[in-house]
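Let me begin by presenting the structure, written as C-alpha cells, before commenting on it.
The values are calculated or read from the model by the stated rules, or taken from the named source; none is laboratory data. Keep in mind it's a predicted model, so treat the numbers as computed, not measured. No Cβ is skipped: glycine too gets one built from the backbone with ideal geometry, and neighbour counts run over all protein chains shown. Accessible surface areas use protein heavy atoms only, side chains included; no ligands, DNA or RNA. Shrake-Rupley method; radii C 1.70, N 1.55, O 1.52, S 1.80 Å.
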Amino acid sequence: TWSKMVLKKEDSAIIESDKDVILLFPFNSTEKDRDPKVDAYLKQLCEKNVSSNATFNVVGHTDNVGSDEENMAMGLARAKSVARILTSNGIAANRIQTSSKGKSEPVADNSTDAGRQQNRRVVITVNR
C-alpha cells in the first residue's frame with residue numbers, strides 16, 4: 001500500500017510503503033527542498049528508530065538526463081544529504097549505508113516531466 005504526499009510539481013515529496021520511504025528531489029539538485037513536512041517526517045522516523053538496532057539503507061536515484069557518471073555522483077550526493085539529516089537527528093552513522101543506482105532503476109517514464117520527477121528520488125529502507 002502506498003500513501004502519497006505530493007506537493008507542487010517540483011517540490012520534494014514523501015511516498016511511503018510498508019518498508020520503504022521515498023523522498024523526491026527537484027531537478028539537478030542534491031538537496032531536497034526545504035520542506036517543514038518532510039523535515040518533521042524524517043525527525044519522527046529517527047525518533048522511532050533511534051533506540052532500536054534498526055539500520056538504514058539510503059539509495060539515491062536520478063532521471064535519465066546527463067551521463068551515467070554524473071547520475072551516479074548525483075544519486076550518491078542525494079543519498080548522503082539524506083544520511084546527514086538522519087545523523088543530525090540522532091541515528092549513528094555506522095547504522096546508515098549510502099549508495100547510488102544513478103539512472104539504472106527508473107520507476108516511471110523518463111520521457112515525461114512527471115516521470116522524471118518520480119525517478120529523482122532517495123529510497124530509505126529501514127531494516128528492523
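Data overview
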item: Members of the range 41-59 that are touching a residue at least 24 places away in the same chain (Cβ under 8 Å), in a helix (DSSP H, G or I) and not aromatic (Phe, Trp, Tyr); result: LEU42, LYS43, LEU45, CYS46, GLU47, ASN49
item: Qualifying residue in the range 60-79 (condition: assigned to a loop (DSSP other than H, G, I, E, B), of a type in the set (Val, Ile, Thr) and touching a strand residue (DSSP E or B) at 6+ places or on another chain (Cβ under 8 Å)); result: yes
item: Given (1) within 24 Å of ASP39 (Cβ to Cβ); (2) open to solvent by less than 40 Å² (accessible area, probe 1.4 Å), index of the condition LYS80 fails; result: (2)
item: Of all residues making up the range 1-34, the number that are loosely packed, with under 15 Cβ neighbours inside 10 Å, at pLDDT 50 or above and outside any loop (DSSP other than H, G, I, E, B); result: 1
item: ASN49 crowded, with 19+ Cβ neighbours inside 10 Å, over 21 Å from VAL107 (Cβ atoms) and out of contact with any Pro (no Cβ under 6 Å at 6 or more places or on another chain); result: yes
item: Candidate set from the range 101-124 (those that are open to solvent by less than 50 Å² (accessible area, probe 1.4 Å) and in a loop (DSSP other than H, G, I, E, B)); member that is modelled with the highest pLDDT; result: ASN110
